[in-house]
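Q: Following this message is one structure expressed as structure tokens.
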Amino acid sequence: MSRIVHVVGTGTIGEPLIGLLCHLKDQLGIDEVTFNKRSPNLIDRSKVKTLLDRGAKLSTAKETISGFEKIGIRPSFVTSDAIERSSVVIDCTPSGAGLTNKEEYYQSASGVKGFVAQGSEFGFGKMYARGINDDALIPGEDRYLHVVSCNTHNLAAIIKTMALGNGSLPNNLVSADFVCMRRANDVSQDSGFAPSPQVGKHGDDQFGTHHARDAYHLFQTQNLEFPQLFSSAVKLNSQYMHTLRFRLEVKEPTTVEKLLGLVKENDRLALTYKKSANQVFSFGRDHGFFGRILNQTVIPHETLSVVDGTQITGFCFTPQDGNSLLSSVASTCWLLDPEGYEENLQALKPWFFEEV
């Protein structure tokens, strides 16, 4: 049976994901890449044509086929058919649409091995972040996976590495507080820019924002209970990168040197001497895949501080899209081949950096 991966959406995650899957499909054990785009328009025609040139095949709804043909693009499949013939479907549509698609298309597609949704799709399936809870995935049972948001990736990676000793100290965390300083919008987006910093509300009585809430549920998949997580969010008037300020309290005394050693043990975390988002973003633009660093987080190590041995404070940058791309590819490879996916994922190593 052919291993076909279908990506729904061509936005800030979907577009580079399609390109990445096409570029590495042989190494990842994929036979064919297809993607769905809902709206035909001249602005996106060049993007779609480039993805087609990379070897991907287009699907759309029956009613929009003629619209694509009018702008010189011939879709290969109708949306429902493209889903039905796939091995894995990755939903990269805007917030909430994945749950709608699950009800409309996915639940009836019994021949598909699994479905992956992105970001703000709470309730879609088992939460997943590469390197955080791979051991919680159950072959034959976990058919719906929810790749958590980029900032949730970041804070979960910080917790697991610094507070839990890369997993060796599961009961070491006392509390964790995070401030997510979010970029206003992506450099590819014209709308949504913030003219000045905008603080977000604490909509969750226990966790503050969804970032800590989602991290709590992510660790729950490993039977780890961290109700003492809390996060806040502020949107900055920048298009470069999200920045995270963290404060962890742990039981076992530690030092900055020990923390740096833990970070270096984890090849999904990167250290840097850079202290500005634009410099880290520029490094990704110049050296990443489609401009993306695939590390979970980038830590300016000179910002790390330990007070009284148990109070850890620091800053880090979120390679938004990058860590989500990593987990999307990892979950796809796992659904295709739970036994051999680790080996296939080594194809991504060139875009992990020890130092940025």
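Throughout, read-outs are computed from the coordinates displayed, never taken from laboratory work. Because the structure is predicted, anything quoted here is derived from the model rather than measured. Cβ placement follows ideal geometry from the backbone for every residue including glycine, while neighbour counts extend to all protein chains displayed.
Q: Find how many whole Å separate the alpha carbon centroid of region 282-356 from the alpha carbon centroid of region 176-212.
A: If we compute the Cα centre of each part, the gap is 20 Å.
Q: Let me ask another. Return the single residue from R292, R74, R268 with maximal mean-square fluctuation; model: Gaussian network over the chain, springs between Cα atoms under 10 Å.
A: R74
Q: Just from its helices, what would the mean residue ellipticity at 222 nm be for the chain, if runs of 4 or more DSSP H residues each count -39500 (n - 2.57) and the sum is divided by every residue, rounded to the nearest 500 deg cm²/dmol? Before the final figure, lay out each step's value.
A: Working: 12 runs with 106 residues, N = 356.
Here the helix-only value at 222 nm equals -8500 deg cm²/dmol.
Q: Residues of region 140-154 with amide nitrogen under 19 Å from the 7 Å Cα-to-Cβ point of N223?
A: From region 140-154, the list is 141-142.
Q: A further question follows. Would you work out which of T161, F226, S191 lies farthest towards the positive end of the dipole of region 150-321, given +1 charges on the beta-carbon of Lys and Arg and -1 on that of Asp and Glu, about the Cα centre?
A: Checked the options; the winner is S191.
Q: Calculate, for S46 and S110, the FRET efficiency according to 1/(1 + (r/R0)^6) with r their C-beta to C-beta distance and R0 25 Å; round to the nearest 0.05.
A: On the way: r = 37 Å, r/R0 = 1.47.
Approximately 0.10, to the nearest 0.05.
Q: By average Cβ neighbour count within 10 Å, what is the ranking of 102-108, 311-317, 114-120 from highest down? Before the final figure, lay out each step's value.
A: Working: 102-108: 15.4, 311-317: 20.9, 114-120: 25.0.
Order by mean packing, descending: 114-120, 311-317, 102-108.
Q: Expressed in nm to one decimal, what extension gain is obtained for the pair K275 and S191 from 0.36 nm per residue of sequence separation less their Cα-Cα distance?
A: Values: separation 84, 0.36 × 84 = 30.24 nm, distance 2.73 nm.
Additional length available on full extension: 27.5 nm.
Q: Highest mean first, how do 253-263, 318-328 rank when packing is the count of other Cβ atoms within 10 Å averaged over residues? Write out the running numbers ahead of the final one.
A: On the way: 253-263: 15.6, 318-328: 28.0.
Sorting 253-263, 318-328 by mean packing, highest first, produces 318-328, 253-263.
Q: Under the classification rounded if a/c is under 1.5, otherwise prolate if a/b is larger than b/c and oblate if not, where does region 150-321 fall, given a ≥ b ≥ c as square roots of the Cα gyration tensor eigenvalues? It would help to have the intermediate numbers written out before the result.
A: Working: a/c = 1.81, a/b = 1.30, b/c = 1.39.
Oblate shape, in that a/c is at least 1.5 and b/c is the bigger or equal ratio.
Q: Follow-up question, since we're still on this one. Which of the DSSP-defined H helices in the chain satisfy a minimum axial length of 18 Å, computed from C-alpha atoms, and a minimum mean Kyte-Doolittle hydropathy of -1.0? Write down the numbers at each step before the final one.
A: Numbers: long enough: 322-336 (21 Å, 1.00).
Passing helices, by number: 322-336.
Q: Report ³J(HN,Hα) in whole Hz for each residue of region 169-180, in order, from the Karplus equation J = 6.51 cos²θ - 1.76 cosθ + 1.60 where θ = phi - 60°; Gly and Pro get x.
A: Along region 169-180, the couplings run 10, x, 10, 8, 7, 9, 7, 8, 10, 10, 10, 8 Hz.
Q: Between T313 and S95, what is the spin-label point distance in nm, taking each point 7 Å from the Cα along the Cα→C-beta axis?
A: 3.0
Q: With charges set only on the Cβ (+1 for Lys and Arg, -1 for Asp and Glu), what does the dipole of the chain come to about its Cα centre, in debye to the nearest 20?
A: Working: 35 positive and 40 negative charges, 204 e Å.
Value, rounded to 20: 980 debye.
Q: By its C-alpha gyration tensor, with a ≥ b ≥ c as the square roots of the eigenvalues, how is the chain shaped: rounded for a/c under 1.5, else prolate for a/b larger than b/c, else oblate? Walk me through the numbers before you get to the answer.
A: On the way: a/c = 1.82, a/b = 1.58, b/c = 1.15.
Prolate is the answer for the chain, as a/c is 1.5 or above and a/b outweighs b/c.
Q: Where a ≥ b ≥ c are the square roots of the eigenvalues of the C-alpha gyration tensor, would you call region 106-244 rounded, which needs a/c under 1.5, or, failing that, prolate if a/b is larger than b/c, or oblate? Mind dumping the intermediate values first?
A: Working: a/c = 2.11, a/b = 1.21, b/c = 1.75.
Oblate, since a/c reaches 1.5 and b/c is not below a/b.
Q: What is region 150-321's relative contact order, in percent, from Cα pairs under 8 angstrom and six or more apart in sequence?
A: On the way: 349 pairs, mean separation 47.8, N = 172.
Across region 150-321, relative contact order equals 28 percent.
Q: Starting from the Cα-Cα distance between E355 and E63, subtract it from 0.36 nm times their residue separation and give me the gain in nm to one decimal.
A: Values: separation 292, 0.36 × 292 = 105.12 nm, distance 4.87 nm.
Gain on stretching E355 to E63: 100.3 nm.
Q: When ranked by the protection proxy of mean other Cβ atoms within 10 Å per residue, highest first, what sequence do the peptides 127-134, 347-354 form? Provide the component values of the computation, followed by the final result.
A: Values: 127-134: 23.4, 347-354: 15.8.
Put in order of decreasing packing, that is 127-134, 347-354.
Q: Assuming 0.36 nm per residue, please report the length gained on full extension of the stretch K264 to I71 beyond their Cα-Cα distance. Mind showing how you got there, number by number?
A: Details: separation 193, 0.36 × 193 = 69.48 nm, distance 4.99 nm.
Between K264 and I71, full extension yields 64.5 nm more.
Q: Could you tell me the calculated FRET efficiency between R247 and E141, based on Cβ-Cβ distance and R0 = 41 angstrom, to the nearest 0.05? Before the final figure, lay out each step's value.
A: Working: r = 37 Å, r/R0 = 0.89.
E between R247 and E141, to the nearest 0.05, is 0.65.
Q: Another question, then. At a Cα cut-off below 17 Å, give the aspartates and glutamates reachable from K47, other chains included and same-chain residues fewer than 8 away excluded.
A: Of all the aspartates and glutamates, those that pass the test against K47 - Cα under 17 Å, at least 8 places apart if same chain - are E15, E69, D186, D190.
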